[in-house]
Amino acid sequence: MAKVGKARSIQDESEVYRQLIMFRPGEMGPVDLAMEEASRAVDHAGRERLDVSFLHKSFCIAGLPLRRPKDQTAIFSRNDGQFALTIAPNRFVLPDGTICEVGVPWGAKGRLLMVWAATEARDPMRRPGDRWLEIGKITEWMTSIGIKVNGDNVPLTKDQLVRLAFSSFTMIMKHDGQTFFKQDRLIESGVFPEQDLNHYAAGRFGKMRWPTGVELSQKAYDRFIQHAIPVPTARLAEIANSAMAIDVFMYLCYRLPLIPSGESDLLSWRALIAQFGSGESPSKFRDTFQASIRSALAAYPEADVDLTQEGLVLRYSDPAELRRAFIAVPRSLPTQKQAAPVRTRKRFTPVNEES
């Protein structure tokens, strides 16, 4: 049994969720101030040399479904007794009377598209208040983030973009005897080439072209501008094929700098299943989670964590160490005469399933 030291159980993450759901535009709490400081430090490194992406902090805590839902018309939800996230699909009629059913976004591509949207909104060259996202260079971005532009990847990514465009998000939080809620859409409007939504309704994703563009909702734009966290694009590309590894990586990037120095937090297995699971058995989740956190820690070796019998032990990790990864440098595989780059040692304690 591992000793946690000054660990504080965060089984429900209620304080973090409270900050997500109660913030007001222009008003910053401790979490937002820490993220703003990190963003400023990244900016000071020199924009022309940065390799940075962004994601809104709420999606660092409560992610999308890991895999394709069996029922396209079903809602997706996560809840832990204090907080609930519900993502709802959509069903609408096209001008010719065709019914179009759009399920909820899922998997690695859905997550990476959310990163793309937040990153585009934070582009320093963008005119303030401009919520319109051009799609023209998205294949270039797909390549940079680790999605190969071949085979089924392009049509499947188009599918995820449509799902993000038409799904709605509801967050409900219990706190101090009250229940708070927020309802959002990521995308408010968009322009598709003629007949492409008919192709989508018929499942002909390969015949679809990219939308001309999409427009973020005002709420989504404001939150991307005010409450997004920076993550290194190159590190994210290392785990681009694993939805759970992306979730773990994003969560650690968000959570670890907020832990007081010298202290630790315990995220119990029960909380891990509620936060990162998708309905599988506890034993299967442990297997999947161990593989995912290994991948996440390979991309974020500066993270100071232990996986124990009780759960995931989190310790303060200086964002300055991870910040070095934002600087864009040529990446190449080490040769026999060239030693691999040294990264901060990470801790990982395998879980004994028989215990």
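The values are calculated or read from the model by the stated rules, or taken from the named source; none is laboratory data. Predicted model, so just to flag it, every value in this text is computed and none were measured. Every residue, glycine among them, receives a Cβ derived from its backbone with ideal geometry; neighbour counts consider all protein chains shown. Only protein heavy atoms, including side chains, enter the accessible area calculation; ligands, DNA and RNA are left aside. Shrake-Rupley method; radii C 1.70, N 1.55, O 1.52, S 1.80 Å.
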Test: residue 74 is surrounded by fewer than 22 Cβ atoms within 10 Å (Cβ to Cβ) and either of a type outside the set (Val, Ile, Thr) or at pLDDT 95 or above (or both): yes
Condition set open to solvent by 20 Å² or more (accessible area, probe 1.4 Å) and aliphatic (A, V, I, L, M), scope region 36-65, selection modelled with the highest pLDDT: answer is 52
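For (1) modelled with pLDDT under 90; (2) more than 30 Å from residue 303 (Cα to Cα); (3) more than 20 Å from the chain's Cα centre (by Cα), each residue gets a yes or a no:
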residue	(1), (2), (3)
193	no, yes, yes
196	no, yes, yes
204	no, yes, yes
208	no, yes, yes
221	no, no, no
224	yes, no, no
228	yes, no, no
237	yes, no, no
243	no, no, no
Kindly check whether there is at least one residue in region 167-185 that is touching a residue at least 24 places away in the same chain (Cβ under 8 Å), within 20 Å of the chain's Cα centre (by Cα) and more than 29 Å from residue 82 (Cα to Cα). no
State all residues of region 79-107 that are touching a Pro at 6+ places or on another chain (Cβ under 9 Å) and either buried (at least 16 other Cβ atoms within 10 Å of the Cβ) or within 30 Å of residue 257 (Cβ to Cβ) (or both); if no residue qualifies, say none. 87, 89, 102, 103, 104, 105, 106, 107
Residue under question is residue 245, and the condition is that it be open to solvent by less than 10 Å² (accessible area, probe 1.4 Å) and outside any helix (DSSP H, G or I); does it hold? no
Take the conditions β-branched (Val, Ile, Thr) and assigned to a loop (DSSP other than H, G, I, E, B) and apply them to residue 162. Does it pass? no
Options 321, 263, 310; residue that is touching a helix residue (DSSP H, G or I) at 6+ places or on another chain (Cβ under 8 Å), of a type outside the set (Gly, Ala, Ser) and either surrounded by 15 or more Cβ atoms within 10 Å (Cβ to Cβ) or in contact (Cβ under 8 Å) with a residue 12 or more places away in the chain (or both): 310
Out of region 211-238, which residues are farther than 16 Å from residue 127 by Cα, crowded, with 17+ Cβ neighbours inside 10 Å and not aliphatic (A, V, I, L, M)? 211, 223, 227, 230, 232, 233, 235, 238
Among the residues of region 268-314, write down those that are polar (S, T, N, Q) and assigned to a strand (DSSP E or B). 268
